[in-house]
Amino acid sequence: MTNRTEEATELPEFTHLIDLAAERLGGLAVAANDEFFAAKENLVKGTPPVFIPGKYTDRGKWMDGWETRRKRGPGHDWCVVRLGLAGEIHGVDIDTSHFLGNHPPFATLAAVQTPERLVHSSDFAALPWVEILPRSPLAPGARNFFAVQNRAAFTYVRLSIHPDGGVARLRVHGVVRPDFSKLLPDEMLDLAAVENGGLVLACNDMFFGPKDNLIMPGRGVNMGDGWETRRKRGPGHDWCLIRLGAPGQVRRVVIDTNHFKGNYPDRASLEGCYVPGREPGQLPDGASWQTVLPESRLEAHRIHEFQIDPARGPYTHVRLNIFPDGGVSRLRVFGTRERA
């Protein structure tokens, strides 16, 4: 098994943010001018790209990515991706893994904000695209990271490769900008959910399962679709820190141990703090933590619901503690947004 916690420390800071283009969040490659060798849909797959020696199609070598034919004239190739969740883009990962003699030497990225769900190539030509990544060199067979400075909210991105070639994955890391305008003042929502702007900032261990799984939509599909720590052989406990999508009062907590049967935590608790005005990825250092849910017994493969009465908060961040270790599929923190 790979120690994902140690691996993550070597990546740029923006990779700790949500991949707004992820297929699991509704990201979709909607249009491309060419996908002769490999389909555009591969760009937003959640799995790491793979290479299968000796696998061919009637078009040529099978590749796990988006690959265009060799260009014999002027111009360049492009692909438009609809973000699964609208938001600010802080950085991108243009991954050319396994594309060695056929990677694009350069790429640019543009973005646009439109409420329409467009699907045809002709729909995108007249949009007011904003360049967020100028023409930049790409290394072959590598993850190419680029920071983005524009902090506007976008719904689509257009990856242009110069002049042609293959890209395995496109990751668009950023901060979700949810639209709360249609919510009633006291309407309940999951303050921690990724679609409502929740963000997992840190954890002490995620050896078997990534921390971001905790706040993803739906129930976990298997044991790998959750947050899971290694077996603890000494004192202490494991924890995970989440920035809520909006400050709010907590009224109900759901801890789902779906698929975790011989490795669920024995107990769990939840704490909250109120530290407004921080940058999205900034930790609430020096915060005063309060108990939201006292240490409570958990069971295997089950949804646990806890009513918080009276409501606690408001909080901007919560910390899930598990005792002593194990796996949790999802955490839901239902409440009402703080009134301005």
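Looking only at strands (runs of 3 or more DSSP E) that lie completely in region 251-324, which have at least 1 residues being of a type in the set (Lys, Arg), in the same structural domain as residue 203 (by TED's automatic domain parsing) and loosely packed, with under 14 Cβ neighbours inside 10 Å?
290-297
Right, residue 30: under 23 Å from residue 135 (Cα atoms), β-branched (Val, Ile, Thr) and touching a residue at least 40 places away in the same chain (Cβ under 8 Å) or not?
It is true that residue 30 is under 23 Å from residue 135 (Cα atoms), β-branched (Val, Ile, Thr) and touching a residue at least 40 places away in the same chain (Cβ under 8 Å).
For a quick check of your reading of the model, give me the residue pairs whose first member lies in region 170-191 and is over 24 Å from residue 308 (Cβ atoms) and at pLDDT 95 or above, whose second is of a type in the set (Ser, Thr, Tyr) and not in a loop (DSSP other than H, G, I, E, B), with beta-carbon atoms closer than 8 Å and at least 6 apart or on different chains.
171/15; 173/15
Which of the numbered conditions does residue 72 fail, given that it passes all the others? Conditions: (1) part of a loop (DSSP other than H, G, I, E, B); (2) surrounded by 22 or more Cβ atoms within 10 Å (Cβ to Cβ); (3) not hydroxyl-bearing (Ser, Thr, Tyr).
Of (1) part of a loop (DSSP other than H, G, I, E, B); (2) surrounded by 22 or more Cβ atoms within 10 Å (Cβ to Cβ); (3) not hydroxyl-bearing (Ser, Thr, Tyr), only one is false for residue 72: (2).
Would you point out the residue of region 224-235, among those that are surrounded by fewer than 22 Cβ atoms within 10 Å (Cβ to Cβ) and small (Gly, Ala, Ser), that is farthest from residue 333 (Cα to Cα)?
Selected residue: 234.
Give just the number: which of (1) under 21 Å from residue 259 (Cα atoms); (2) crowded, with 21+ Cβ neighbours inside 10 Å; (3) of a type in the set (A, V, I, L, M) does residue 221 not satisfy?
With (1) under 21 Å from residue 259 (Cα atoms); (2) crowded, with 21+ Cβ neighbours inside 10 Å; (3) of a type in the set (A, V, I, L, M) applied to residue 221, the lone miss is (2).
Return the only residue of 81, 130 being closer than 20 Å to residue 19 by Cα and in contact (Cβ under 8 Å) with a residue 60 or more places away in the chain.
From the options 81, 130, the qualifying one is 81.
Given the criteria crowded, with 18+ Cβ neighbours inside 10 Å, of a type outside the set (Ser, Thr, Tyr) and in contact with a Phe, Trp or Tyr (Cβ under 9 Å, 6 or more places away or on another chain), does residue 198 qualify?
Answer is no for this residue.
The values are calculated or read from the model by the stated rules, or taken from the named source; none is laboratory data. Note that the structure is predicted; figures quoted are calculated from it, not measured. In this analysis, Cβ positions are derived from the backbone assuming ideal geometry, glycine residues included, and neighbour counts consider all displayed protein chains.
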